[in-house]
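This report concerns only the one structure given below.
The values are calculated or read from the model by the stated rules, or taken from the named source; none is laboratory data. Keep in mind it's a predicted model, so treat the numbers as computed, not measured. Note: ideal-geometry Cβ built from the backbone for every residue, glycine included; neighbour counts use all protein chains shown. With ligands, DNA and RNA removed, areas are computed over all heavy atoms of the protein, side chains included. Shrake-Rupley method; radii C 1.70, N 1.55, O 1.52, S 1.80 Å.
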Amino acid sequence: VVRYANKQEVTVNDIHAAGKRPAAAAKGLIMDFGFTEQQQMFRDSVLAFARKELADGALERAHSAQFPHAVAKKMSDAGLLGITIPEADGGGGGTLMDAVIAIETIATVCPRSADVIQEGNFGAIRVLAHFANADQKKRYL
């Protein structure tokens with residue numbers, strides 16, 4: 001059961017019952033989990049990049065213990081690393097959702113390359129972006 005601010009209660013069965021979905025959507029009772037137009041355009045461009053630049057050699061990278069430096073450079077040049085870092089710090093100024101879309105999309109073509117995007121958007125880089133002083137940001141970001 002979902003209870004909305006207006007205290008109206010709606011069950012999952014109510015929402016998914018035949019014919020109820022359009023009425024529920026019109027009342028704002030169904031969340032839209034689809035991508036925005038901008039997110040879909042971003043996803044499409046990332047997918048085109050992945051197919052062109054990452055498809056060849058994907059299987060070899062998946063089974064290699066070596067870090068794919070050449071692939072990381074390509075993705076950095078394409079703006080896929082540092083997506084969530086503020087533009088003022090040299091990043092893309094995007095959202096966490098943008099980074100997740102990039103990771104998921106790249107993973108459909110080359111899972112190892114998706115690891116590189118994850119490493120280049122989360123973890124240490126985010127800690128530095130949020131907590132480093134200006135000198136540290138200049139040096140490491």
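At a glance:
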{"quantity": "Estimated translational D of segment 33-116 in µm²/s (Stokes, Kirkwood radius over Cα pairs; 10 °C; 1.306 mPa s)", "calculated": "121"}
{"quantity": "Karplus-derived 3J(HN,Hα), 6.51/-1.76/1.60, for each residue of segment 110-123, Hz, glycine and proline x", "calculated": "8, x, 5, 5, 5, 4, 5, 5, 4, 5, x, 10, 10, x"}
{"quantity": "In order through segment 127-135: 3J(HN,Hα) via Karplus (6.51 cos²θ - 1.76 cosθ + 1.60), integer Hz, x for Gly, Pro", "calculated": "4, 4, 4, 8, 10, 6, 7, 4, 5"}
{"quantity": "Ile83 - accessible surface, heavy atoms, 1.4 Å probe, Å² rounded to 10", "calculated": "10"}
{"quantity": "Segment Asn133-Ser76, extension gain: residue separation times 0.36 nm, minus the distance between their alpha carbons", "calculated": "18.2 nm"}
{"quantity": "Local net charge near Phe42, Cβ-Cβ under 14 Å (Lys/Arg +1, Asp/Glu -1)", "calculated": "-3"}
{"quantity": "FRET E, pair Phe67, Glu104, Förster distance 22 Å, beta-carbon r, rounded to 0.05", "calculated": "0.55"}
{"quantity": "Residues whose placed amide H lies under 5 Å from that of Gly92, excluding near-sequence neighbours", "calculated": "Ile83, Thr84, Ile85"}
